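Accompanying notes for the structure given below.
Every number in this text was worked out from the coordinates using simple rules, so none of it is lab data. In this text the structure is predicted, and so the values were computed from the model without any measurement. Here the Cβ is made from the backbone with ideal geometry for all residues, glycine too, and neighbour counts use every protein chain on show.
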Amino acid sequence: MYHFFSEARIYLIILGLVILLVAVAQSADIQKNSVVELDSGFIEGVVNQDVIAFKGVPYAAPPTEHFRWRDTQPVQPWIGIRKTVGFGADCMQKPNTSSAAMGIPPAEDCLFLNVWRSNPIHSGDALPVIVWIYGGGFVNGGASNPIFDGAAFAKKGVIFVSFNYRLGRFGFFAHPALTAASEGALGNYGYMDQIYALKWVRRNIAAFGGDPKRITVMGESAGGISILTLMTSQAIQNLFDRAIVLSGGGRTELIGGLPLNTGPSTTAEETGVNFAALHGIQGSGVQALAALRLLPAEQVRGDLNMSSLISETESKIYAGGPILDGKILKAQPEDIFRRGTAAKIPLLIGTTGRDISYLPAKTKDEVFAMFGAKENEAKAVYDPTGQKTLDELIQDVSSDQLMNEPARFAAKSMTKMGKKTWLYRFYYVADSLKSQWKGALHASELPFLFETVDTRFGNDVTVQDRAVASEFNNYMCSFAKTGDPNGSGQSTWTAFDPNFLNIMSFKEDASTLLEADPWKDRLDLMEWLNDLLPATSAGGAF
């Protein structure tokens, strides 16, 4: 009897040791998978079942003090393993309830990025990468918004990266004192952050198991505008290999567009001088620059956000967004597309059913007068029965001018350059909002894009909402993997054909339909009108 129990005890001890060794090995494996070596040091992320997330990774030096209004600077390397378990601060801004800035409280020290990756990491992995650029009119937004969680992409075999970039007067600012200081590039500091972050991804993404030759950049609204700018800025076209543009226009910058310091009208420097004077700062020498950099961040921010962006007050003291600096932004995207010198990469581009609109007309006649000699044709196309309200007419005409036709223009231009392009329109409205909304509003597709509808709608989410989200996300993942949205067992999405004018419609009833654009006549007329206009900024559209 004693011998039997002794053997049993020995067996249990051995079994316990085996279990302990397995647990230790698993823990070591998790530790190994969650620690990554960057060119600036080691970081450790958080493993959550089949996804590893690295949050709050500094990709550049804090843009504060003497680095305020300077080109993005290298991050200081660190010793040891840096824990990257929570988001860094969003960039300095005045939050706006209608913007994407609903995450971590903002601060001037904000140049952080985040990476989601499937778990485990296998040696030799070379997964496709998506880099996200958020919208918010270049004055609001941030990567920490819970809607922008990258886990759904990671679970489908795509490494997902998001990052912050400077906003408002921190990101787009000019002043004679900055010009005189000759410290480097001027004006578009937010764009400089984007460029720096994309270079960081090229250098470091292989450490996460990513393929530095399969980087897709994806952005919505101001993020989409940014991508079109990067695609058409010849000096920086080699930072990514594919592009997804959601509601980013396709012809002009849409926001900002002031020249840096020379021009027939207001320049960005003039708005900077007005801002400085508001705070009692005069002159253009080193003392003026030092005083500007000593201003508290809250004073630099001021009341600027999406709600005040187009106000008369802000137009005098803020450049409005990206600046025509002659380097990053030399010309409007439309000009570059027409020359055929944009980046020759696959493009997926589209809009929502009721996308952004801005047209300060007081009567329907004012709206139709825009079309000049084709005023009667405009009435026949946009309001054939005469029953539309002024608001409905403005919505259709303005969103066509700012978003829908420019997206088609970009698709036509890229196709003419020999690169496949896929055009879509997202009409679907979440089940819980169908009784409140007349269509899919600007940015309403984002929870479906990220497959975070549960986060957005909570208990109101439906099976149909989840199905649309899964399908929309699948198309984007396939595009990141192959440069073609097909391949996930879904409805075939044929590349854009200028002769057929085909579009993939994500319908109100949750179906998908590849069809000839039902808005063809509207957009043909708007194309005629937009072609007549100079390729300049629409000014304060969003």
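May I ask for the distance between the Cα centers of the range 36-91 and the range 176-214, given as a whole number of Å?
One Cα centre to the other: 14 Å.
Given 311, 276, 197, which one lies farthest toward the positive end of the charge dipole of the chain, if we put +1 on the Cβ of every Lys and Arg and -1 on the Cβ of every Asp and Glu?
197
Return 336, 79 ranked ascending by Cβ neighbour count within 10 Å, so the fewest neighbours appear first.
79, 336
Check the cysteines of the chain one by one and keep only those with no other cysteine Cβ under 4.7 Å from their own.
Unpaired cysteines in the chain: 477.
Quote the charge dipole size of the range 477-526 about the Cα centre in Debye, to the nearest 20; the model charges only the Cβ of Lys and Arg (+1) and of Asp and Glu (-1).
Working: 4 positive and 8 negative charges, 37 e Å.
Rounded to the nearest 20 debye, it is 180 debye.
Going by how many other Cβ atoms sit within 10 Å of their own, how do 389, 72 line up, fewest first?
389, 72
Within a 10 angstrom radius of the beta carbon, how do 110, 477 rank from fewest other beta carbons to most?
Ordered by Cβ neighbours within 10 Å, fewest first: 477, 110.
Taking the Cα centre of the chain as the origin, how large is its charge dipole in debye, to the nearest 20, when only Lys and Arg (+1) and Asp and Glu (-1) carry charge on their Cβ atoms?
In debye, rounded to 20, the chain gives about 1120.
How much length is gained on full extension from residue 380 to residue 327, taking 0.36 nm per residue of separation minus their Cα-Cα distance?
That works out to 14.7 nm of additional length.
Rounded to the nearest 20 debye, what is the charge dipole size of the range 294-434 about its Cα centre when +1 sits on each Lys and Arg Cβ and -1 on each Asp and Glu Cβ?
Result for the range 294-434 is approximately 940 debye, rounded to the nearest 20.
Quick one: if you stick a label point 7 Å off each Cα along the C-beta vector at residue 531 and residue 467, how many nm between them?
For the pair residue 531/residue 467, the computed spacing is 4.2 nm.
Nearest 10 degrees, 0 to 90: what angle lies between the long axis of helix 2-34 and the longest principal axis of the chain (Cα atoms)?
Approximately 20 degrees, to the nearest 10.
Please report the antiparallel percentage of DSSP beta bridges with both residues in the chain, rounded to the nearest 5.
Details: 24 of 59 bridges.
If we restrict to bridges inside the chain, about 40 percent are antiparallel.
Give, in whole angstrom and from largest to smallest, the semi-axes √(5λ) of the equivalent ellipsoid of the range 39-532, with λ running over the eigenvalues of the Cα gyration tensor.
So the equivalent ellipsoid measures 33, 31, 21 Å along its semi-axes.
For the range 59-162, what is the relative contact order in percent, using Cα pairs closer than 8 Å and at least 6 residues apart in sequence?
Details: 173 pairs, mean separation 30.9, N = 104.
30 percent.
Give the residue from 259, 432, 341 lying farthest towards the positive end of the charge dipole for the range 39-532; charges sit on Cβ (+1 for Lys and Arg, -1 for Asp and Glu) and the dipole is referred to the Cα centre.
Going by the Cα projections, it comes out as 341.
Need the C-alpha centroid separation for the range 497-512 versus the range 112-172, integer Å.
Value for the Cα centre distance between the two parts: 28 Å.
Can you tell me, using C-alpha contacts under 8 Å and at least 6 residues apart, the relative contact order of the chain as a whole percent?
14 percent
Can you compute the helix-only [θ] at 222 nm over the chain? Use -39500 (n - 2.57) per DSSP H run of at least 4 residues, normalise by all residues, nearest 500 deg cm²/dmol.
-10500 deg cm²/dmol
Please compute the length gained on full extension between residue 392 and residue 180, using 0.36 nm multiplied by the number of residues separating them and subtracting their Cα-Cα distance. Before the final figure, lay out the partial values.
Values: separation 212, 0.36 × 212 = 76.32 nm, distance 4.92 nm.
Gain on stretching residue 392 to residue 180: 71.4 nm.
Using amide H atoms built in the peptide plane, which far-off residues or other-chain residues are under 5 Å from residue 82 H to H?
42, 43, 44
Quote the relative contact order of the range 458-530 in percent (integer), defining contacts as alpha-carbon pairs under 8 Å separated by 6+ residues.
Worked out over the range 458-530, it gives 19 percent.
Using each residue's phi in the range 219-230, evaluate 6.51 cos²θ - 1.76 cosθ + 1.60 at θ = phi - 60° and report the 3J(HN,Hα) Karplus result to the nearest Hz, with x for Gly and Pro.
x, 10, 6, 4, x, x, 4, 4, 5, 4, 5, 5
Once you have the Cα-Cα distance between residue 279 and residue 83, take 0.36 nm times their residue separation minus that, and quote the gain in nm to one decimal.
Once the chain is fully extended between residue 279 and residue 83, it gains 66.6 nm.
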